[in-house]
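Computed from the coordinates by the stated procedures, all read-outs in this text should not be read as laboratory data. All of these numbers come straight from a predicted model, not from anything done at the bench. All Cβ positions, even for glycine, are placed from backbone atoms using ideal geometry, and neighbour counts span all protein chains on display.
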Amino acid sequence: MTLRVAVIGAAGRMGQQVVDAVEHADGLELAGRFDVGDDLGDLGGADVAVEFTVPGASLANVLHCVEQGVHAVVGTTGWTDESLGQVRAALAVQPKVGVLIAPNFAIGAVLTMRFAAQAARFYESVEVIELHHPDKVDAPSGTAIRTAEMIAEARRAADVPSAPDATASGLDGARGARVEGVPVHAVRLRGLVAHEEVLLGSPGETLTIRHDSFDRASFMPGVLAGVRGVVDRPGLTVGLEEILDL
Ligand SMILES: NC(=O)C1=CN([C@@H]2O[C@H](COP(=O)(O)OP(=O)(O)OC[C@H]3O[C@@H](n4cnc5c(N)ncnc54)[C@H](O)[C@@H]3O)[C@@H](O)[C@H]2O)C=CC1
Ligand SMILES: O=C(O)C1=N[C@H](C(=O)O)C[C@H](O)C1
């Protein structure tokens, strides 16, 4: 069966790649391209909508998809417990609809998060550095926030004490932002696409886990897996791990 796919944010960096990936994928057909100012209507009769827009617009777009009975695959960042709760509430009245929200669709980024969580309890210190193109509007990245949350959860479960840090003075921001106690640093640099490093340290050793997306093509296999998977997964799924059975 052919799945009809609408792309919301179709004029953006990710949206353009998704349109191209859908047009070249077996068993998928482009149902429509939507960008800012367009009436989403019935999403061109789509079965699935892929949403890559901006944090301030994504929730309304996803709620519209759910109301229309259209499954959604969402890569936009900025989700909170509260906005996820609104999606769950909307899905409760559309029990056949699936929504997949993933901070990163690159397989290596998903594995980096998983490896970092596995390693986190073995080291005294851990910090996250994310590095992106300078046109990105949010910081830190959604991936870095999720990585730090997973690290913090693993350390709490293993009763690991807070990382040592003697800093008593300095410039604001020098130690990064704290996500559940884990320092997260954001670099914006022309030439980069999307990169993340997790640094772990204990006496006499460090471990560095690094992932690099050099091209947005890296996100497309995960997006297409999400499109094919979401139709059989009613309710809200957060993270591509679920779809990949990781
Ligand atoms: N989950 C993942 O694997 C990835 C997630 N992202 C995230 O995806 C989002 C988009 O990233 P980019 O494509 O680089 O941004 P972009 O700025 O290139 O594209 C966003 C597009 O959304 C459109 N837009 C804005 N408001 C809209 C609305 N209300 N309705 C429809 N379209 C609207 C804009 O006009 C623009 O064309 C960001 O939140 C970014 O962090 C980016 C790359 C990978
Ligand atoms: O804006 C981007 O480019 C990216 N955004 C996502 C994020 O914030 O984690 C995913 C990836 O890092 C690229």
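Structural remarks
- Highest-fluctuation residue, V50, V74, V184 considered, GNM on the chain with Cα pairs under 10 Å: V184
- Here region 213-233 is scanned for amide nitrogen atoms under 16 Å from the site 7 Å beyond the Cα of D245 along Cα-to-Cβ, giving 225-226, 228-230, 232-233.
- Within a Gaussian network of the chain (alpha carbon springs, distance under 10 Å), most fluctuating of G142, G85, G75: G85
- Kirkwood-based Rg to Rh ratio, the chain, C-alpha trace: 1.00
- Sum of -39500 (n - 2.57) over DSSP H runs of 4+, divided by residues of the chain (222 nm, nearest 500): -10000 deg cm²/dmol
- More than 23 angstrom apart: percent of Cα pairs within region 61-196: 46 percent
- The trypsin sites (Lys or Arg not before Pro) of region 87-118 meeting both criteria, a DSSP state outside H, G, I, E and B (loop) and at most 10 other C-beta atoms within 10 angstrom of the site's C-beta, are K96.
- Most fluctuating residue given options A109, A92, A31, as computed from a GNM of the chain linking Cα atoms under 10 Å: A92
- With the convex hull drawn around the C-alpha atoms of region 174-246, the volume per residue stands at 161 Å³.
- Inter-label distance, nm, simple model (7 Å from Cα along the C-beta direction), M1/F214: 4.0 nm
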